[in-house]
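Heads up: the structure comes next, in structure tokens.
The values are calculated or read from the model by the stated rules, or taken from the named source; none is laboratory data. From a predicted model like this one, the values you see are computed outputs, not experimental measurements. We place every Cβ from the backbone using ideal geometry, glycine too, and count neighbours over all the protein chains shown.
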Amino acid sequence: MSLLALDEGVCYLSVTMLQRLGRRIQTLRDRRTMTQEELAAKASLSRGYLARLETGRHDPSATTLAKIAKALRVPIASLFK
């Protein structure tokens, strides 16, 4: 998985990595039989934003990833496995 460094000190995820991350979030959510609405509510996100994350159309912040990981009860690192 590669990162694209676009600004000094700031890295953005590549499109491929965003898609993998989105699929991983969806897989973890499905394993917990959670709907997008349920996960979004637990992570204090909108369902639409979560849907775009799951399809790789958003580059989430570290804070957003922490909220999702907490809502799924997994370490942040497990989002990238």
Restricting segment 52-61 to residues that are in contact with a helix residue (DSSP H, G or I) (Cβ under 6 Å, 6 or more places away or on another chain) and in a helix (DSSP H, G or I), the one surrounded by the fewest Cβ atoms within 10 Å (Cβ to Cβ) turns out to be 54
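Can you confirm whether residue 45 is surrounded by 17 or more Cβ atoms within 10 Å (Cβ to Cβ), in a helix (DSSP H, G or I) and either modelled with pLDDT of 95 or more or touching a Leu at 6+ places or on another chain (Cβ under 7 Å) (or both)? Working first, answer last.
Values: surrounded by 17 or more Cβ atoms within 10 Å (Cβ to Cβ): yes; in a helix (DSSP H, G or I): no; either modelled with pLDDT of 95 or more or touching a Leu at 6+ places or on another chain (Cβ under 7 Å) (or both): yes.
When the stated conditions are applied, residue 45 does not pass them.
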Within segment 29-42, restricting to residues that are closer than 16 Å to residue 74 by Cβ and either under 13 Å from the mean Cα position of the chain (by Cα) or at pLDDT below 95 (or both), the one that is surrounded by the most Cβ atoms within 10 Å (Cβ to Cβ) is 39
